[in-house]
Amino acid sequence: MIVACVNCFNDYPLIKDSIESIYDQVDRIIAVDGRYSDFPSGSWYSTDGTIEYLSKLPKVELIFAANLFEADKRNVYMDMLETGDTVLVLDADEVVEGKIRKLDKGIDIGLIPFNDLNDRSFGRLATRFFIYRKGLRHSGIHFILTIDGKWFNNRRQAVNGFKSKRIQSFKVNHLTRHRSRERKLQKKEYKIIARQREEQYKIAPYE
C-alpha cells in the first residue's frame, strides 16, 4: 500500500494542487491539520477552506492535531501506518511530478529529487519516501527518522545499515513562491524560532 502523509495549516488553494498530484497514485492520504506550537498565527486549525476541501475527498483521512512541535505533529500520522507501507511525506505546498512507484525489494528509503522553485536549491535529494516499520519515528525536527534508537536517515541518505536508492520515476516541487506575502513572513519568523530551539536542544538543523 502506498500512503501519502501531509501536514497542513491554512494551505488552500496550494494543498489542492498537492493532493491532485498524488490522489490517483496512492491508496491512502493522511492529512494532519493544525498549527505548530511555534508558528505565529491566531487560530489553531485551518480557517481558509483547507478543512472543507479535504473533508470532501473519500481517500483523505483528516486528523486534527495542533500546538505540537513539528516532529510531534508528523508522528501523528506515523502512528497510523502499518509495517510494510510505502510512505510518501509531503508538505501542503509541494506537488509530485511523475509516476509514484513502490520501492524495490530490500530498499528502505527512496531519495527523491526535490526542487525548491523559490531559490537555487535545485536537484537536492530528499528522504521523503520510505518503507514503514514498527517503531519508526520522526525525531528532532522534520524529516530525521529514528528506529530502535538508531538514525534511519540523515535527510539525504539512509544510515546505520539501511539501504537507499535514487528515485527516477518522480520528483517533488516545492511551491513556496506561490504563498501569500503574509504567510511567507510567518514562515520566516517560524524558521528563526525553530533554529533557536534546535540550537538549545542540540538537534539537527532546520531546513
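Couple of notes before you dig in:
- Subset of the stretch 121-159 (residues that are in contact with an Asp or Glu (Cβ under 8 Å, 6 or more places away or on another chain), modelled with pLDDT under 85 and either hydroxyl-bearing (Ser, Thr, Tyr) or not in a strand (DSSP E or B) (or both)): 122, 140, 141, 142, 155
- The residues of the stretch 33-50 that are modelled with pLDDT of 95 or more and either crowded, with 18+ Cβ neighbours inside 10 Å or under 15 Å from the mean Cα position of the chain (by Cα) (or both), listed by number, are 33, 34, 46, 50.
- Residues within the stretch 132-162 that are crowded, with 20+ Cβ neighbours inside 10 Å and free of Cβ contacts under 8 Å to residues at least 40 places away in the same chain, tallied: 1
- Inter-residue pairs, beta-carbon under 9 Å, first at positive phi and in the stretch 58-83, second among the basic types (Lys, Arg), 6+ apart: 67/35
- All positions within the stretch 132-171 that are within 8 Å of residue 109 (Cβ to Cβ) and in contact with a Leu (Cβ under 6 Å, 6 or more places away or on another chain): 152, 153, 164
- All helices (runs of 4 or more DSSP H) inside the stretch 6-119 with 2 or more residues being within 24 Å of residue 155 (Cα to Cα) and in contact with a Leu (Cβ under 9 Å, 6 or more places away or on another chain): 14-20, 70-78
The values are calculated or read from the model by the stated rules, or taken from the named source; none is laboratory data. What you see is a predicted model, and the numbers here were worked out from it, not measured in a lab. Backbone-built Cβ (ideal geometry, glycine too); neighbour counts: all protein chains shown.
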